[in-house]
Structure formats: structure tokens, C-alpha cells
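Read through the structure below, which is laid out as C-alpha cells, and then see the notes.
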Amino acid sequence: MEETHNTATAATPTISGDLMSSHFQFSDHNSLPEPDVQILTSSGLRIPAHTGTLASVSPVLENIIDRPHKHHSSEKIIPILGVPCDAVSLFIQFLYSSRCSEEELEKYGIHLLALSHVYLVPQLKHICSKAVGQRLTVENVVDVLQLARLCDSPDLYVKCMKMLYDNFKAVEKTEGWKFMQENDPFLELEILKFIDEAESRKKRTRRQREEQRLFMELSEAMECLEHICTEGCTTVGPCDLGPSNKRRGPCNKFSTCEGLQLLIKHFALCKNRVNGKCSRCKRMGQLLRLHSSICDQTDSCRVPLCRPSVGQGEERFLLGLILLLLFSRNWKIFLE
């Protein structure tokens, strides 16, 4: 918005041309033309600037400059209000130099983020979003989240949400959270929904990892079962192989293989196996049926009960899948 002020220039604080050159760090201030516009801040400070520079960097300022004057006056004034005058000064400085120090970002990063959004300066907006995100705390995260929504800064928004999720109990005790609850219940609902979805994703990922781990363990057990029944391992092996042909040394998966050997020994000697009263024998039978349902070498396989059945194919695949789902979660109890 453009305004014309008829107050005496002597009563209005103004940055002079020489001070402006040093303040904005121009590389060659002698080559600059005379300022043709003044930026008015909330404190009344006027910052001289050049319409060509402002218009080339900010399309919003370009529209303001090109807007017809309400009053017939040669003096152009653009008010930038609502933020500290030092923040406005740094904003204008960035339009000229494309530079902003870390100290300045730490002090005025939030104000510069708002200004860069309002006046469509994407380079400054990116810098400020990153700087503000690096300085997030439990105390200011709710305020910064609100600013990130208003300024359409998705990276900063997500970073705030993650901090809220990680420190929710502490954030709930802050004044910012209490103020937000009273004045912006929709944001509170948005935060709680994000936390619920993040928790669901975490549980789903944990469950998938657990299922993958159990599948790998069960797959290893199937390999050990085939290895014992084909080659033999330590004290257990196929009956038609002589002692000299059996593998006496432990294999590289002996922690699993040893448990299966103990289960096989029990299965061979158990007196309750026939009447179905032994739970360990039932588990051994389940392992054998599982192997039979997924084995694709039934003609040459030496694992007991691994024989092709009538109507093989899809029925065998479904049986294997069902057994896998039923027993993969607690298959290690088979080895107890």
C-alpha cells in the first residue's frame, strides 16, 4: 500500500545516501543513481531505495510501484509495517545484496520469513525457513508452526510437526500450546491427527520389520531341516548314510540347526506321538507339512512327508501360505 506523507522531512528519521551505501554493503555505491522511493517502517524510519531494484526482485513491490498514486506528489513512499524497523532494513538489504548473516537470521529470521512470503522473495524465504528450522525449541515450536502454515513453508511445517511428535508431553505444558488451544482448535486437531498418523506408521513399520525378521528365521529353519535330512549335521542325519559320510562338524547356522536336531530326536523317540498327546511332536509335524507345502523338489527331496499330493499346484501353495501365517509368529517354540 502506498501513502503520501506531507510531514517535514526534518522530523522524519531517514537513512542518508552514504549511510545507506555502507548499511546495505553495496559493492560500488558511486554507480547507484539517486534513490527514488522511500520505505516507511512502523517506527517512522524512512529507508531510501530504488524502484528498479525493488521491482526486479519482488513482483509484489513491482505492483505497488506501478500502482497509480492517490495523491499528486513526486515522492514515492512504500509502507512496510508490523515488523521491527531493523527487520525491514535487513529485508531491503537482502533485496540489494542477496546476503544475510547468521546473527541477523537468528535475531530476525521469523520476521524475514514473513516478509519474504508477503513480498514473494523465494530465495530469502528458503534461507529463512532453513534458519528458523535449525533454531526450533519446545517453547517456540507452536508459534513457528503457525507461521509455517501462514507462510506456506512445507519443509518448516514438517520439521515443526516432527518436533511436536517427539516432544509432545513437554510442548503441552508451554504457553504457546495453551494459547493455540484457546484460539486455534483446528490447528490443535491437525497436530493430533498428524501425531496419530505418525504413531500408526511407526507401529506398521515395526510390525513389518518383525514379520520380515520372523519370515527370515522361518526360512532359515526350513533350510536347516532340508540340510539335516539331506547331508546330516553333527549327530543327526539320514539313516541311509554311513557315519563316515555324515557331516560331523557344525554348520554355519548351527544355532537354529541344533534346536531342530533336538526336536527331531524327540520326535523319533516320543511314545505319545501316535496318540497325538505330545505338543512338541505336533509342532514337528507342522514343520514337516509346511516344508512339504512349499517344496518344489518333491521327487528328490529327502525330508519326511515331502511327497506330491493329488491336486498339487494352487492347493499346495495355499496350504503353505496358511501354515506360514499360522506358525511364523511363534515358530521358535517348536525348538523348545
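One table, with the values for the structure above:
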item	result
Portion, in percent, of the accessible area of segment 52-210 that falls on carbon or sulfur, probe 1.4 Å	53 percent
Interatomic Cα distance distribution for segment 49-197, bins of 5 angstrom, percent	2, 9, 18, 18, 16, 12, 9, 8, 5, 2, 1, 0
Intensity falloff of segment 78-162 expressed as log10 I(q)/I(0), Debye formula with alpha-carbon point scatterers, at q = 0.17, 0.22 Å⁻¹	-0.62, -1.03
Residues Arg209 and Asn167, FRET efficiency given R0 of 30 Å [Cβ-Cβ distance, rounded to 0.05]	0.75
Average accessible surface area per residue within segment 64-154, 1.4 Å rolling probe, Å²	51 Å²
R0 of 51 Å, Cβ-Cβ distance Val158-Glu223: FRET efficiency to nearest 0.05	0.75
Gain on full stretching of the segment that runs from Asn252 to Gln286 - 0.36 nm per residue minus C-alpha separation	9.8 nm
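The values are calculated or read from the model by the stated rules, or taken from the named source; none is laboratory data. Here the structure is a predicted model, which means the values were calculated and not measured. Glycine gets a Cβ as well: all are built from the backbone with ideal geometry, and neighbour counts include every protein chain shown. What goes into the accessible areas is simple: the full protein's heavy atoms, side chains included, and nothing from ligands, DNA or RNA. Shrake-Rupley method; radii C 1.70, N 1.55, O 1.52, S 1.80 Å.
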